[in-house]
Structure formats: C-alpha cells, structure tokens
Amino acid sequence: MQKANIKDVPADSSMLKYFEGKVEIKKMVTDSHTKEVETFLVTFTDGARTKLHYHETDQVLVATEGKGIVVLQTGVRMDNDTTATVKMDEVHYLSEGDFVCVPAYMWHWHGAVKNSNFAHLQIKKPGKTTWLE
C-alpha cells in the first residue's frame, strides 16, 4: 500500500500536447502503483479542454470543482474510404460532485466551460487512447 497527498503530487507536463488552453495534470495512481487502474486529477483553466479522443476502456470523470462540459459522439458517417464525419451532439454539463462514465471507443472531449475553471478526477483501466486533433 502507498499513501500520499494530492498536494505532494507534482504536475506532469508530458500530456499537455493533447489539450487546448491551460491545464494541470497530476498522475495520482499509475502503473507504478497498480496495473488495474489509473487516476489523474486534471485542472482546466478558463475554458481549456482536451482534444477529441477515445479510450479502449471505459472512463469515469468525477467533477471536483467548477463548471465543466463533456461532449460525446452520437454517430459516425463514412464520407469515403478514408474520411468520416463524427457527429458530436451529446452534451453534459458537470458541477462539483457530478460524474459520468464515457464508454470505451466513444469519441469525446471534456474540459471547463468558457469563463470558468474546472477540475475532475479521471479514473479508468490502463489502455490506449487515440487522439484525433
């Protein structure tokens, strides 16, 4: 067992290329602790957000402060053999204490609403994430 305090976890800048705007990522539980789950605290400043992506495992987001948004795919239309249009119109607004479960392989993005800060815990099994933007 390992006990720690989130205040003592340093920010990790290795994933910032997958975000737009100012974001702080604290990797709390990683594969150095367990191969079963990863948990990050992500803090978004003034409308910052992730780029469009999906995970190969389900992802739980738990809002810890501020006002946030999660936007999910509702359909995919193949335009030709190599191009598709992803319809993104399922929108969920989150406040402190709210949580969502994003199913595996569903395109989505999440972050703070404009003019607001937002933080959430990201909890999922380790696995590949595919980034579109």
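Values in this text are rule-based calculations from the coordinates and carry no lab data. The model shown is predicted, which means the values in this text are computed figures rather than measured ones. Counting neighbours? That spans all protein chains shown, and the Cβs are built from the backbone with ideal geometry, glycine included.
For 23, 37, what ranking results if the residue with the fewest other Cβ atoms within 10 Å of its Cβ goes first?
Sorted ascending by nearby Cβ count, the order is 37, 23.
Chymotrypsin sites (Phe, Trp or Tyr not before Pro), restricted to region 71-119: which are DSSP loop and have at most 16 other Cβ atoms within 10 Å?
105
Over region 6-131, how many pairs of lysines fall under 13 Å by alpha carbon, counting only those 8 or more apart in sequence or from different chains?
9
Can you tell me what the convex hull of the Cα atoms of the chain projects to on average, as an area in nm²?
For the Cα atoms of the chain, the hull's average projected area reads 8.6 nm².
For region 19-70, which GluC sites (Glu not before Pro) are both in a DSSP coil and crowded by at most 12 other Cβ atoms within 10 Å?
Those satisfying the criteria are 36.
What is the fewest-to-most order of 54, 18 by other Cβ atoms lying within 10 Å of their Cβ?
18, 54
How would you rank 33, 108, going from fewest to most other Cβ atoms within 10 Å of each one's own Cβ?
The fewest-first ordering by Cβ neighbours comes to 33, 108.
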